[in-house]
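Okay, so here's the structure we're looking at.
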């Protein structure tokens, strides 16, 4: 009788974490920052058709880095969950915190029990009626949830990008300054990103029910001028 192949649980978790981190590092990073009128999400994304950021619900946005088909499936699940909860109860019952907890459970379950973990990190952002109510959640590849107050950086090379943003960021900056900070942080020493390399989405504190807005390439060029 042959003995089953044994791998220590610690080694198995380490291998899965290394695998997920390598997959995420192959993707391009993104930055989400609070500004004086809401929350801005700035991602390096030269594609005109595949989007890293999207609207989940009235005041909630989703963004992902890593393997596109995996975080897009998570986006669809989030939209369905938010719509169902808003329909069954109230639109005011749908919030970023509950969505982040649901995503953490799904991603953590996959990381622990499946052979291959999800090669994704995701962001859930909610703009409040007042700045003190803004919420930013970073869900990692193993289901860990991080609650941030000012800005979030996810994706490959996040540590160096975060240090660049930390140096320049202050509260209540206008949108133009926030976009320029993110562009500089996402760029490398060899190449400065242009408007065609970036995808920018906003959650605006505009008093209306739906707050999500995409910044067009023309408007982005003016912001970076």
**Study point:** Subset of region 166-186 [surrounded by fewer than 17 Cβ atoms within 10 Å (Cβ to Cβ), in contact with a strand residue (DSSP E or B) (Cβ under 9 Å, 6 or more places away or on another chain) and in a loop (DSSP other than H, G, I, E, B)]
**Key:** 171, 172, 174
**Study point:** Looking only at region 21-37, and only at residues there that are over 16 Å from residue 160 (Cβ atoms) and touching a helix residue (DSSP H, G or I) at 6+ places or on another chain (Cβ under 8 Å), the one that is surrounded by the fewest Cβ atoms within 10 Å (Cβ to Cβ)
**Key:** 36
Practice item. Pull up region 1-37, narrow it to residues that are without any contact (Cβ under 8 Å) to a residue 60 or more places away in the chain and part of a loop (DSSP other than H, G, I, E, B), then point me to the one that is farthest from residue 170 (Cα to Cα). Key: 1
Review point. Given (1) out of contact with any strand residue (DSSP E or B) (no Cβ under 6 Å at 6 or more places or on another chain); (2) crowded, with 17+ Cβ neighbours inside 10 Å, where does residue 151 come up short, assuming only one miss?
Key: (1)
Check your understanding: Do we find a residue being closer than 27 Å to residue 101 by Cα, surrounded by 17 or more Cβ atoms within 10 Å (Cβ to Cβ) and touching a strand residue (DSSP E or B) at 6+ places or on another chain (Cβ under 9 Å) anywhere in region 192-200?
Key -> yes
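Since every read-out is calculated from the coordinates, none of them should be taken as a lab result. Just so we're clear, the structure is a prediction, and the values are computed from it rather than from any experiment. Positions of Cβ are backbone-derived with ideal geometry, glycine not excepted, and every protein chain shown enters the neighbour counts.
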